[in-house]
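Undergrad: The structure's right below; bear with me while I get my questions together.
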Amino acid sequence: MLRCWCVGLLLFASSLAFAGNKSSPVRSEHKNDSGKLPVTTSSPAARKNFETAMQKFEEYRIQETLQNLRAAIKADPHFTQALILTSRMSSDPVEQADTREHAKKLAPKASSGERLLVRWLAGAQENDYLPAIAAMNDLLAKYPRDQRLAYLAGDWLMQQQRYEQAVGVLERAVTLFPNYAAALNDLAYGYADTGNFEKAFDVMDRYVALQPDQPNPHDSYGEILRMAGKLDAALEQYRISIRIDPNFGSELGVADTYAVMGKEAEARAEYERAIVFAGSEADRVQRELQSAVTWIREDNHKQAERSLEEVVRHAHAAALGRLEAEANRILGMYEPDTKIAMKHLQAAQDALQEKHEISASDRGEELALVLRVVASRSAENQDLDAASKTVEKLQTMAAGSRSLVIQLCYHGAAGALLVAEKKPAEAIPHLEEDASNPVTMRLLWRAYTSTGADPQAQAIASKLAALNLPTVEQALVVPPFRAALVSPVGQL
């Protein structure tokens, strides 16, 4: 298990013993001969809980990781590294904000490496990417043989959809420590995300061999098998994970696999089971949202609308603004009536402006995703003035942010506008920038087709037909391409 398809997770820590004096706590950077980022705390109990948290994290037992991090903070409220990692791991936006701000206040008294860690992870949450990326690079240079740091960097790059860069960093971590299971897990995902499934399967075989009695290797293998279209084999791996640990939560993987197989009733039953293992209200709402999308796959408009509006209400009551916006965005994507769709999309923007706690990066990226849908729906409806104004907003956002999500939203929206303006040749470079999004891929297929680039169009159609991601974009776009796989280009 690496990530939910809507929310990515990221964590890092490194261990170094630091004995504090009980009668006179000491917090200072000390001689570090291990070549690893120091962990600075004056509390033996905090250190013990922190190290347990790291072990649980590397087994991808996220809730246990958070429990131990919280225990470490309780034992040492000034434990900077535990605070910033809790902020990064938690799906509770209030806890994210509280621990991030506490870590930033304490950072001046932490070691130089831990200050860089705070600058990186806090900056990423606050949409302040330039200093965040600089801090990450400085950390990698400062501790070049810290395998966990290399793992963190690779994981973060994957979250940013910079898969080729992530693979390079993770390969270095595995070179340093060939049996480092956590890096092998992420490296397999990196290969899969770049389409190299043969390498991904080889790495997963190594990962499973290292930890055959842990659930996560089988859970991750299941996800990668699903990505490769090996759906029955994926279900088998998820079920092995469930047999090893019925409380791990691999029912979510089973549900996602059933969803892309078209077995929507079975998927909903598994999502219900998966909700039991949700570690937070945000996780529960996210799983409810995934379950609601199954009605879209069945093209049951009434039930899809009802289920998504229930998610909107749940997210609003739980003060989860990003998820409230996401559910409204999905309604705006699926609703056939453009006027009603625009009301949902405005509601999504309003949710992001309410006084719910939400990180700047989450707010900015979800807003960009919403605006991309606004631009696309406007362009489809031939309201080119509204589409153009929305594209201009996204261009301004992209100019002020290094977030790849925001950059891709701008290119996808700009391409959609140019297609609507019957300028396919001009649209193609923008659409190619965002060529992993199914909605954009469909537009790119149309642009290739209209410019006579039939081989490129056929390649995009084949790629779309093979997508097995449990997302709303896949649900809306892929089925017709899959059904028409044997049809000539242009007959979809």
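Undergrad: Computing the accessible area with a 1.4 Å probe over protein heavy atoms, can you report the carbon and sulfur percentage for the chain? Don't jump to the answer; show the numbers that get you there.
TA: Details: 10300 of 20380 Å².
Answer for the chain is 51 percent, counting heavy atoms of protein chains only.
Undergrad: Please work out the C-alpha center-to-center distance from segment 395-444 to segment 463-484 and express it in whole Å.
TA: So the separation of the two Cα centres works out to 19 Å.
Undergrad: In addition: Two decimals is fine: what is log10 I(q)/I(0) at q = 0.15, 0.18, 0.21, 0.28 Å⁻¹ for segment 317-388, from a Debye sum with one equal scatterer on every Cα and no solvent?
TA: -0.45, -0.63, -0.81, -1.21
Undergrad: A follow-up question, please. Calculate the FRET efficiency for Gln67 and His301 from the Cβ-Cβ distance with a Förster distance of 41 Å, rounded to the nearest 0.05.
TA: Working: r = 42 Å, r/R0 = 1.02.
The computed FRET efficiency comes out at 0.45.
Undergrad: Just to verify a number: FRET efficiency for Lys142 and Glu51, C-beta to C-beta distance, R0 = 25 Å, to 0.05? Please list the in-between numbers first.
TA: Values: r = 22 Å, r/R0 = 0.87.
So the FRET efficiency works out to roughly 0.70.
Undergrad: Moving on. Relative contact order of segment 56-213, please, whole-number percent, based on alpha carbon pairs below 8 angstrom and at least 6 residues apart.
TA: Details: 174 pairs, mean separation 19.2, N = 158.
12 percent.
Undergrad: Let me ask something else. Would you mind calculating the gained length between Asn247 and Ala134 on full extension (0.36 nm times residue separation, minus the Cα-Cα distance), in nm to one decimal? Write down the numbers at each step before the final one.
TA: On the way: separation 113, 0.36 × 113 = 40.68 nm, distance 3.92 nm.
Extending this stretch completely gives an extra 36.8 nm.
Undergrad: Rounded, prolate or oblate: pick one for segment 99-215, where a ≥ b ≥ c are the square roots of the eigenvalues of its C-alpha gyration tensor, a/c under 1.5 means rounded, and failing that, prolate if a/b is larger than b/c, else oblate.
TA: Details: a/c = 2.28, a/b = 1.88, b/c = 1.21.
Note, shape of segment 99-215 comes out prolate.
Undergrad: Classify the chain: rounded, prolate or oblate, from the alpha-carbon gyration tensor (a ≥ b ≥ c, eigenvalue square roots; a/c under 1.5 rounded; otherwise prolate if a/b is larger than b/c)? List each step's numbers first, then the result.
TA: Working: a/c = 1.71, a/b = 1.54, b/c = 1.11.
It is prolate, given that a/c is not under 1.5 and a/b is the larger ratio.
Undergrad: Next question, about the same structure. Excluding ligands and nucleic acids, what accessible area in Å² is computed for Ser436 using a 1.4 Å probe, to the nearest 10?
TA: 70
Undergrad: Given a cut-off of under 8 Å on Cα pairs at least six residues apart, what relative contact order in percent is computed for the chain?
TA: Details: 797 pairs, mean separation 48.0, N = 492.
The normalised contact order for the chain reaches 10 percent.
Undergrad: Tell me, what is the FRET efficiency for Arg402 and Asn381 to the nearest 0.05, using R0 = 41 angstrom and their Cβ-Cβ distance as r? Write out the running numbers ahead of the final one.
TA: On the way: r = 32 Å, r/R0 = 0.78.
According to the calculation, E is roughly 0.80.
Undergrad: Where nothing but the Cβ of Lys and Arg (+1) and of Asp and Glu (-1) is charged, how large is the charge dipole of the chain around its Cα centre, in debye to the nearest 20? Display every interim value, and only then the final one.
TA: Numbers: 55 positive and 65 negative charges, 234 e Å.
Taking the Cα centre of the chain as origin, the dipole is about 1120 debye.
Undergrad: While we're looking at this one, here's another question. At a probe size of 1.4 Å, how large is the accessible area of Lys463, to the nearest 10 Å²?
TA: Accessible area, nearest 10 Å²: 110 Å².
Undergrad: Taking the convex hull of the Cα atoms, report for segment 261-408 its projected area averaged over all directions, in nm². Write down the numbers at each step before the final one.
TA: Values: hull surface 37.5 nm².
Averaged projected hull area, Cα only: 9.4 nm².
Undergrad: If you count only protein heavy atoms with a 1.4 Å probe, what accessible area per residue comes out for the chain, rounded to a whole Å²?
TA: Values: 20380 Å² over 492 residues.
For the chain, the per-residue accessible area is 41 Å².
Undergrad: As a test question: what accessible area, to the nearest 10 Å², does Ser111 have when a 1.4 Å probe is rolled over all protein chains in place?
TA: Solvent-accessible area, nearest 10 Å²: 0 Å².
Undergrad: Please give the Cα centre distance for segment 234-271 versus segment 334-351, rounded to the nearest Å.
TA: 32
Undergrad: Spin-label point model (7 Å from Cα, Cβ direction): what's the Asp205 to Ile340 distance in nm?
TA: Computed distance between label sites Asp205 and Ile340 equals 5.2 nm.
Undergrad: Let me ask you something else. When only Cα pairs under 8 Å and 6 or more residues apart are kept, what is the percent relative contact order across segment 386-432? Numbers along the way, then the final one.
TA: Numbers: 34 pairs, mean separation 14.8, N = 47.
Relative contact order here is 32 percent.
Undergrad: Ok, one more. Distance from a point 7 Å along Cα→Cβ of Ala483 to each backbone N in segment 355-377: keep the residues under 12 Å and list them by number.
TA: none
Undergrad: Report the full-extension gain for the segment Ala466 to Glu421: residue separation times 0.36 nm, less the Cα-Cα distance, to one decimal in nm. Intermediate values should be presented prior to the final figure.
TA: On the way: separation 45, 0.36 × 45 = 16.20 nm, distance 2.95 nm.
Extending this stretch completely gives an extra 13.2 nm.
Undergrad: Looking at the square roots a ≥ b ≥ c of the eigenvalues of the Cα gyration tensor of segment 126-184, which shape do they give, rounded for a/c under 1.5, prolate if a/b is larger than b/c, or oblate?
TA: Oblate shape, in that a/c is at least 1.5 and b/c is the bigger or equal ratio.
Undergrad: Using the charge dipole of the chain (Lys, Arg: +1 at Cβ; Asp, Glu: -1 at Cβ; taken about the Cα centre), state which of Leu323, Leu418, Leu37 has its Cα farthest towards the positive end.
TA: About the Cα centre, the residue reaching furthest to the positive side is Leu37.
Undergrad: Do any of Lys355/Lys393; Lys56/Lys463; Lys56/Lys230; Lys302/Lys355 go past 27 Å between their Cα atoms, and which? Intermediate values should be presented prior to the final figure.
TA: Working: Lys355/Lys393 22 Å; Lys56/Lys463 37 Å; Lys56/Lys230 29 Å; Lys302/Lys355 31 Å.
From Lys355/Lys393; Lys56/Lys463; Lys56/Lys230; Lys302/Lys355, over 27 Å: Lys56/Lys463; Lys56/Lys230; Lys302/Lys355.
Undergrad: Any idea how far the Cα center of segment 283-318 sits from the one of segment 30-107, in Å?
TA: Computed from Cα coordinates, the inter-centre distance equals 34 Å.
Undergrad: Suppose accessible area is computed on protein heavy atoms with a 1.4 Å probe; arrange Tyr207, Tyr334 from highest to lowest. Can you show the working numbers first?
TA: On the way: Tyr207 0, Tyr334 30 Å².
Largest to smallest exposure gives the sequence Tyr334, Tyr207.
The values are calculated or read from the model by the stated rules, or taken from the named source; none is laboratory data. Everything quoted here is computed from the prediction, not taken from an experiment. We place every Cβ from the backbone using ideal geometry, glycine too, and count neighbours over all the protein chains shown. The protein model used for the area step is the full one, side chains on, heavy atoms only, and it has no ligands, DNA or RNA in it. Shrake-Rupley method; radii C 1.70, N 1.55, O 1.52, S 1.80 Å.
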